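Student: My structure is below; once you've seen it, I'll send some questions.
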Amino acid sequence: MKQTILVTGGAGYIGSHTCVELLAAGHEVVVLDNLSNSRRSALDRIARIAGCGLGFPLPVAVDPRPTASGVEPVGRSFSAPSPVAVNPRPTASGVEPVGDSFSAPTPVAVNPRPTTSGVEPVGRSFSAPSPVAVNPRPTSGIESNPESGLHFVEADVRDAGALDALFAAHRIDAVIHFAGLKSVGESVQQPLRYYDNNVGGTLALLAAMRRANVHRIVFSSSATVYAGDGQPPFREDSALGPANPYGRTKLMIEQILTDLAASAPEWKVVLLRYFNPAGAHESGILGEDPKGIPNNLMPCVSQVAVGRLAQLEVFGNDYPTPDGTGVRDYIHVVDLAVGHVAALGAIEQLPAVSTLNLGTGRGVSVLELVKAFERACGRPVPYRIAPRRPGDAAVNYSDPAEAARRLGWRATRDLDAMCRDAWRWQQWQAQHAAEL
Ligand code: NAD
Ligand code: UDP
């Protein structure tokens, strides 16, 4: 059944891939993001993959409720959209092959979404956009791309006014809550910022949901909630004990959501504990785009392979693992995204609160991942052995059986696919830096 889903943090890494899968499943998607760790162009690329050439910024700023909400745009100035930012869809899938330069855009030559893209049109009538009818300052702060079913609000999730305006403008069926800060090291340095953004943001969101009578939420939790000295594979009932402020924000939010669901029967909550998301969309135009120097292994390996970083530092080779390097459960970001769609599809049948691991159940060492990446990119990835990173566990992987049982979902993409897709994305970024 077609639904309208609010995706907070939907311009980010996992959120953007989830938007693609939601649109492909026929849902309407409203993204709320303050772009603190993402780019506006991600919205454009989501729309392109979804099979519609119209992107963001829009050739027409569509704001069907120019004054009703009375709410000022939040945290941004709405720049006048370009009348020519339209890419004619070159292939049946709606996705440009990587490495091609986009052909000169035209303001009107836009195809309605083809069913060959795997994306069913969902009852919207297509109207050719006017390149000039621009409302440069929609007072609701909502930008819409009706052709792709994608809407965007640039706002902070702690902004109650922006949330109320959004819920007034769209009849939201469920929320997927990605918006948050995610750097473990940064959370140790700036704990108040993390508690404010992650916990404070969730409280503001839940209060707005309650005001709007929206009671379905899927939350991005993390394997970091498990006790580091626990014995993998981690099951949902394994001992908890996050080792840093970031992990504690995740556990606190899990507890808040659990208390909320216990307080009123109308709530349905799904807590998804991700293991190590990796890879990119197979189109090569969407992927992880960290601002600053990346912390995680896969983006570091990618940046070494493309020559942006000189060499990888392997944090320790004296762990009790087969090759001495740390072992993690890497999961393709598209599998993760599909898991969210599955969670939404099952939410009515699930208990009031469900906690589910999203992982593959397979552990991969740092050096195994480096070797797989070298196969994918066809060049060596230079590395040196460095000291262990403080706080790192030796081995961390999931037992994903509960998600398979509850959602009928399991990860299907392997490590080679993750590396291949991450490499394609890395190359696209290098070639299209100016577009990002
Ligand atoms: P990301 O940084 O790419 O995406 C997060 C998005 O949220 C960004 O677009 C950012 O601009 C936005 N955002 C942050 N604070 C906001 C706020 N206050 N208001 C509005 N927007 C805000 O991160 P990601 O990897 O896509 O992670 C998404 C979620 O999944 C996060 O909650 C993260 O903690 C969780 N998670 C990520 C991983 C991982 O390894 N990537 C693992 C486990 C859990
Ligand atoms: N790692 C590494 N070099 C890096 C980044 C990470 O050797 O530049 C190792 C890290 O020690 C761990 C694994 O790669 O064993 C995964 O680290 P990541 O930060 O991606 O995920 P997490 O440790 O949060 O699970």
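Bear in mind that the values in this text are calculations on the coordinates, not laboratory data. Treat the numbers as computed from the prediction; the structure is a model and nothing was measured. Because the Cβ atoms are built from the backbone with ideal geometry, glycine has one as well, and the counts that use them run over all protein chains shown.
Student: Show which lysines lie in cross-link reach of K2 when reach means a straight Cα distance below 22 angstrom and same-chain residues fewer than eight apart are skipped.
Tutor: Here the lysines satisfying the reach criterion relative to K2 are K268.
Student: Still on this structure, please answer the following. So, in nm, how far is label A160 from label I385 when the simple model puts each one 7 Å beyond its Cα toward the Cβ?
Tutor: 5.6
Student: May I ask you to compute the full-extension gain from A401 to A433, defined as 0.36 nm times their residue separation minus their alpha-carbon distance, rounded to one decimal in nm? List each step's numbers first, then the result.
Tutor: Values: separation 32, 0.36 × 32 = 11.52 nm, distance 4.04 nm.
Fully extending the segment from A401 to A433 adds 7.5 nm.
Student: Shifting gears a bit: Would you mind classifying the range 1-51 by shape? Square roots of the alpha carbon gyration tensor eigenvalues, ordered a ≥ b ≥ c; an a/c under 1.5 is rounded, otherwise it is prolate if a/b is larger than b/c and oblate if not.
Tutor: Because a/c hits 1.5 or more and a/b fails to exceed b/c, the range 1-51 counts as oblate.
Student: If the reach is capped at under 15 angstrom between alpha carbons, list the aspartates and glutamates near K182, excluding any in the same chain fewer than eight residues apart.
Tutor: D33, D196, E288, D289
Student: With charges only on Cβ, +1 for K and R and -1 for D and E, what is the dipole size of the range 236-287 about its Cα centre, in debye, rounded to 20?
Tutor: 160
Student: Once the other residues with Cβ under 11 Å from the Cβ of A243 are scored (Lys, Arg +1; Asp, Glu -1), what is the net sum?
Tutor: -1
Student: Let me ask something else about it. What's the extension gain from A394 to L350 if we count 0.36 nm per residue and subtract their Cα-Cα distance?
Tutor: Here the answer is 12.5 nm.
Student: Now a separate question. If we sort 309-315, 252-258 on the protection proxy, mean other Cβ atoms within 10 Å, highest first, what's the order?
Tutor: Most protected by this proxy first, the peptides run 252-258, 309-315.
Student: What do you get for chymotrypsin sites (Phe, Trp or Tyr not before Pro) in the range 208-255 restricted to DSSP loop and a cutoff of at most 15 other Cβ within 10 Å of the site's Cβ?
Tutor: Sites meeting the loop and neighbour criteria: none at all.
Student: Bin all alpha-carbon pair distances of the range 295-338 at 10 Å intervals from 0 and give each bin's fraction as a whole percent.
Tutor: P(r) for the range 295-338, in whole percents per bin: 23, 40, 33, 4.
Student: Still on this structure, I have one more. How big, in percent, is the set of alpha carbon pairs in the range 138-286 lying more than 19 Å apart?
Tutor: Working: 6594 of 11026 pairs.
Distances greater than 19 Å cover 60 percent of the Cα pairs.
Student: Further question on the same structure: Count neighbours as other Cβ atoms within 10 Å of each site's Cβ, and list the GluC sites (Glu not before Pro) in the range 340-382 that are DSSP loop with at most 16 such neighbours.
Tutor: For GluC sites (Glu not before Pro) across the range 340-382 that sit outside H, G, I, E and B with at most 16 neighbouring Cβ atoms in 10 Å, the list reads E348.
Student: Take the Cα gyration tensor of the range 214-270, multiply each eigenvalue by 5, square-root it, and list the three semi-axes largest first, rounded to whole angstrom.
Tutor: Largest first, the range 214-270 gives 24, 12, 9 Å.
Student: For the range 340-384, what does the alpha-carbon gyration tensor say about shape, rounded, prolate or oblate, given a ≥ b ≥ c as the root eigenvalues, a/c under 1.5 as rounded, and a/b over b/c as prolate?
Tutor: prolate
Student: At most 11 other Cβ atoms within 10 Å and a DSSP loop assignment: could you name the trypsin sites (Lys or Arg not before Pro) in the range 248-342 that fit? Working shown, then result.
Tutor: Numbers: sites: R248, K250, K268, R273, K291, R308, R328; in loops: K291, R308.
Of the trypsin sites (Lys or Arg not before Pro), the ones in loops of the range 248-342 whose Cβ has at most 11 other Cβ atoms within 10 Å are K291.
Student: Calculate, axis by axis, the spread of Cα positions in the range 299-436 along the three principal axes, and write the results as whole Å, longest axis first.
Tutor: Cα extents, longest axis first: 50, 43, 24 Å.
Student: Moving on to the next point. Tell me, in nm to one decimal, what length is gained between T412 and D259 on full extension, where the rule is 0.36 nm per residue of separation less the Cα-Cα distance?
Tutor: Details: separation 153, 0.36 × 153 = 55.08 nm, distance 3.38 nm.
Stretched fully, the T412-D259 segment lengthens by 51.7 nm.
Student: Label R235 and K291 with points 7 Å out from Cα along Cα→Cβ: what is the distance between them in nm?
Tutor: 4.2
Student: Let me ask something additional. From the phi of every residue in the range 161-172, what ³J(HN,Hα) in whole Hz does the Karplus formula 6.51 cos²θ - 1.76 cosθ + 1.60 yield, where θ is phi - 60° and glycine or proline is x?
Tutor: 3J(HN,Hα) across the range 161-172, in whole Hz: x, 5, 5, 4, 4, 5, 5, 6, 7, 10, 7, 7.
Student: Tell me the net charge near R379. Cut-off is 15 Å between Cβ atoms, R379 excluded, with +1 for each Lys or Arg and -1 for each Asp or Glu.
Tutor: +4
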